[in-house]
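Structure first, commentary second.
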Amino acid sequence: MTATETTAPRPDFASIRRLVEEPMQAVDRLILDELRSEVVLINQIGHYIVNSGGKRLRPMLLLLAAEAIACTQPHKVTLAAVIEFIHTATLLHDDVVDESTLRRGQETANALWGNSASVLVGDYLYSRSFELMVSVRSLRVMEILSRTTTAIAEGEVLQLLNCNNPATTEEDYLKVISRKTAILFSTAVQLAAVLAEAPAAIEQGLKDYGLHLGIAFQLIDDALDYRAKPEELGKNLGDDLADGKPTLPLIYAMAHADAAQAEILRHAIEQGDRDAFRDVFAVVQATDAIAYTSRRAVEEADKAVAALTVLPDSVYRQALIDLARFSVERNF
């Protein structure tokens, strides 16, 4: 069954989370415990970011995958917290690089405390995540997470190189989001298999699931930048355009626009011109770029679902399938 071949109702994110509510609560407690510092500003910013309305999707994926393969290792809670710390650190750094002022409907940490504090607290969270992963005492776990953080950094730099470049291709874009976003999804579910010492086929299947799910998730994020309401999206519409980021809707529109339309896009990308958002939006709409981006997201979600055939049937496997559906049906 694919992410779209179903007559079931839209998946309920809250009901999926309830399947792993007890370990998720343990993850939340561990996160709060590990955020404690003698430095007051670290406590303030760390708690503000962690409690600012995030879905905790990545740690939840790890816990669902662990249940799907009957992993009873208590370290799954520790690694779920590590994944969330790494994700939160990247958000802090992203908002500084992008000069963002709004995330999840709230002011960003850099808007409240300044860029320097945000970068340094992001560094602190990376350090805490490595302290936690060492406590698992698994060289394999450390290798995977080390490679993951390296890939995320590479993705950030690749994105920076693509900024204000209207010649960016879909292939270039996919390289960025695979490293910058999707790899942490992939690592989260792979770690469940590593902890359970699962067969190689199951580990690879979960790893593939996470990668395709992460790509689908980011594709929809980029489509929402051109179709969602700001109060639903939790950030300012046109932020990516203002940053000069050539996301897939813009890349596709550039390739299918007429000369006059392409010039509008080229200028907006090169200048990072938020004021051109209305004109850019008209071109994106006219070229069906949002619909194309959504179709590509569904293709990735279907690949994610197909990768789960290595798992036995269970409510947890179904929850992972439902999350693939959720990733492409959401409005936020």
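Assess whether V134 counts as being of a type in the set (V, I, T), closer than 27 Å to T293 by Cβ and either at pLDDT 90 or above or touching a strand residue (DSSP E or B) at 6+ places or on another chain (Cβ under 7 Å) (or both).
No: the conditions fail for V134.
If you check S52, S15, which single one turns out to be within 29 Å of E329 (Cβ to Cβ) and assigned to a loop (DSSP other than H, G, I, E, B)?
Being within 29 Å of E329 (Cβ to Cβ) and assigned to a loop (DSSP other than H, G, I, E, B) holds for just one of S52, S15, which is S52.
Just to be sure, is A167 crowded, with 17+ Cβ neighbours inside 10 Å and either touching a helix residue (DSSP H, G or I) at 6+ places or on another chain (Cβ under 9 Å) or in a helix (DSSP H, G or I) (or both)?
Numbers: crowded, with 17+ Cβ neighbours inside 10 Å: no; either touching a helix residue (DSSP H, G or I) at 6+ places or on another chain (Cβ under 9 Å) or in a helix (DSSP H, G or I) (or both): yes.
For A167, the condition - crowded, with 17+ Cβ neighbours inside 10 Å and either touching a helix residue (DSSP H, G or I) at 6+ places or on another chain (Cβ under 9 Å) or in a helix (DSSP H, G or I) (or both) - is not met.
Looking only at residues in region 148-161 that are touching a residue at least 40 places away in the same chain (Cβ under 8 Å) and in contact with a Lys or Arg (Cβ under 7 Å, 6 or more places away or on another chain), which one is surrounded by the fewest Cβ atoms within 10 Å (Cβ to Cβ)?
Of the residues in region 148-161, the ones touching a residue at least 40 places away in the same chain (Cβ under 8 Å) are 148-149, 152, 156, 159-160.
Next cut, in contact with a Lys or Arg (Cβ under 7 Å, 6 or more places away or on another chain) only: 152, 156, 159.
Working: I152: 20, E156: 17, Q159: 24.
Per the criteria, the residue is E156.
Checking the structure you have, find out if any residue of region 317-329 is in a helix (DSSP H, G or I), basic (K, R) and under 16 Å from the mean Cα position of the chain (by Cα).
Yes, that holds for at least one residue.
Anything in region 63-112 that is under 19 Å from D225 (Cβ atoms), assigned to a helix (DSSP H, G or I) and among the acidic types (D, E)? List them, or say none.
Scanning region 63-112 gives D94, D95, D98.
Only one of these conditions is not met by L195: (1) surrounded by fewer than 20 Cβ atoms within 10 Å (Cβ to Cβ); (2) over 23 Å from D273 (Cβ atoms). Which number is it?
Among (1) surrounded by fewer than 20 Cβ atoms within 10 Å (Cβ to Cβ); (2) over 23 Å from D273 (Cβ atoms), L195 violates only (1).
Out of T101, T88, T108, which single residue is within 16 Å of the chain's Cα centre (by Cα) and of a type in the set (S, T, N, Q)?
From the options T101, T88, T108, the qualifying one is T88.
Looking at region 175-192, which of the residues that are more than 10 Å from the chain's Cα centre (by Cα) and within 18 Å of E143 (Cα to Cα) is surrounded by the most Cβ atoms within 10 Å (Cβ to Cβ)?
Once the filter is applied, the top-ranked residue is L191.
Which one of these is under 28 Å from E270 (Cα atoms), acidic (D, E) and surrounded by 22 or more Cβ atoms within 10 Å (Cβ to Cβ): D172, D225?
Exactly one of D172, D225 is under 28 Å from E270 (Cα atoms), acidic (D, E) and surrounded by 22 or more Cβ atoms within 10 Å (Cβ to Cβ), namely D225.
Scan region 262-304 for residues that are of a type in the set (S, T, Y) and assigned to a helix (DSSP H, G or I) and jot them down. I'd like the intermediate steps shown before the answer.
So in region 262-304, the residues of a type in the set (S, T, Y) come out as 287, 292-294.
Y292, T293, S294, listed by residue number.
So E231 passes all but one of these: (1) surrounded by fewer than 22 Cβ atoms within 10 Å (Cβ to Cβ); (2) of a type outside the set (F, W, Y); (3) modelled with pLDDT of 90 or more. Which condition number does it fail?
For E231, the failing item is (3).
Taking region 247-261 on its own, how many of its residues are out of contact with any Leu (no Cβ under 9 Å at 6 or more places or on another chain) and either surrounded by fewer than 23 Cβ atoms within 10 Å (Cβ to Cβ) or in a loop (DSSP other than H, G, I, E, B) (or both)? Reasoning before the result, please.
Step one: of region 247-261, the residues out of contact with any Leu (no Cβ under 9 Å at 6 or more places or on another chain) are 249, 251-252, 255-256, 258-261.
Next cut, either surrounded by fewer than 23 Cβ atoms within 10 Å (Cβ to Cβ) or in a loop (DSSP other than H, G, I, E, B) (or both) only: 252, 255-256, 258-261.
The total comes to 7.
Given L195, L241, which one is out of contact with any Pro (no Cβ under 8 Å at 6 or more places or on another chain), part of a helix (DSSP H, G or I) and modelled with pLDDT of 95 or more?
L195
Are there any pairs with C-beta distances below 6 angstrom linking a residue in region 127-147 that is touching a residue at least 24 places away in the same chain (Cβ under 8 Å) and under 18 Å from P59 (Cβ atoms) to a residue that is surrounded by fewer than 18 Cβ atoms within 10 Å (Cβ to Cβ) and acidic (D, E), with the two at least 6 apart or on different chains, and if so which?
From residues that are touching a residue at least 24 places away in the same chain (Cβ under 8 Å) and under 18 Å from P59 (Cβ atoms), there are no pairs.
The values are calculated or read from the model by the stated rules, or taken from the named source; none is laboratory data. Since we're looking at a predicted model, the values are computed, not measured. Note: ideal-geometry Cβ built from the backbone for every residue, glycine included; neighbour counts use all protein chains shown.
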